[in-house]
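*Asks:* The structure is given below, and queries will be raised subsequently.
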Amino acid sequence: MIYLLTEDEIRRGTVTDVYFIRTKRDPRRQVDQEEGHGRGLRQVLPEGLGVGGLLRLEEVIDLLSTHDVTVRSLPEGSIFYPGETVLEIEGEYTDFGIHETAILGFICQASGIATMAARCRVAAGDRPLLSFGARRMHPAIAPMIDRAAYIGGCDGVSSVASAERLGLTPSGTMPTP
């Protein structure tokens, strides 16, 4: 068995953390909703990365497209700094909160990879820098990993599937005999 969620499961909010379910069921929260106090602004702040690069906003926007929310963010690929707000979602928290865990996962995973690739790019200088990320991560997320690494500064990717999605020719080495 491959332990992956389908797109439909993610859209239905099955990846949510249990606290959201508890919050939604809390009678005090329901009173707030009835009185119109449930609208709020949620901010996703980078933690622990230092300077980083922001990615995967298209997935966040797509996931929230059926909700009555306003989304504001830094542009895709933006550099952000510690404590800087990178994403704001305004709307009824009990409407979109079920997706908070997925949203954080979309942004944090890819942004972290792009940030580390950018640091490798600086360290590599003019030498070629290739992503072999598919070799050390779950194969289902290889295109996401390689895209983030490429945007972060890698010159190419080794995975055939990732290269096709990026419109690149896959790059790499050959095993020695």
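The values are calculated or read from the model by the stated rules, or taken from the named source; none is laboratory data. Because the structure is a prediction, the values reported are computed rather than measured. Because the Cβ atoms are built from the backbone with ideal geometry, glycine has one as well, and the counts that use them run over all protein chains shown. For accessibility, only protein heavy atoms count, side chains too; no ligands or nucleic acids. Shrake-Rupley method; radii C 1.70, N 1.55, O 1.52, S 1.80 Å.
*Asks:* For the pair Asp17 and Ala161, how long in nm is the line joining their label points, each one 7 Å along Cα→Cβ?
*Replies:* Placing both labels 7 Å along Cα→Cβ, they lie 2.9 nm apart.
*Asks:* Two-decimal Rg/Rh of the chain from alpha-carbon positions, Kirkwood Rh?
*Replies:* 1.05
*Asks:* Carbon-plus-sulfur fraction of the accessible area of the chain, 1.4 Å probe, in percent?
*Replies:* Values: 6090 of 10820 Å².
Carbon-and-sulfur percentage of accessible area, whole number: 56.
*Asks:* If you don't mind, there's one more thing I want to ask. With the convex hull built on the Cα atoms of the range 80-177, state its orientation-averaged projected area in nm². Each step should come with its number before you reach the end.
*Replies:* Values: hull surface 34.6 nm².
One quarter of the hull surface, i.e. the mean projection, equals 8.7 nm².
*Asks:* Skip the ligands, DNA and RNA, and give the accessible area per residue of the chain with a 1.4 Å probe, whole Å². Intermediate results must be reported in sequence, preceding the final value.
*Replies:* Working: 10820 Å² over 177 residues.
That works out to 61 Å² per residue.
*Asks:* Another question, if that's okay. So what's Rg/Rh here for the range 57-108, counting alpha carbon atoms and using the Kirkwood radius for Rh?
*Replies:* Numbers: Rg = 11.0 Å, Rh = 11.6 Å.
Checking Rg against Rh, the ratio lands at 0.95.
*Asks:* For the chain, what's the relative contact order in percent, using C-alpha pairs closer than 8 Å and at least 6 residues apart? Please report the intermediate quantities before stating the final value.
*Replies:* Details: 262 pairs, mean separation 35.2, N = 177.
Relative contact order here is 20 percent.
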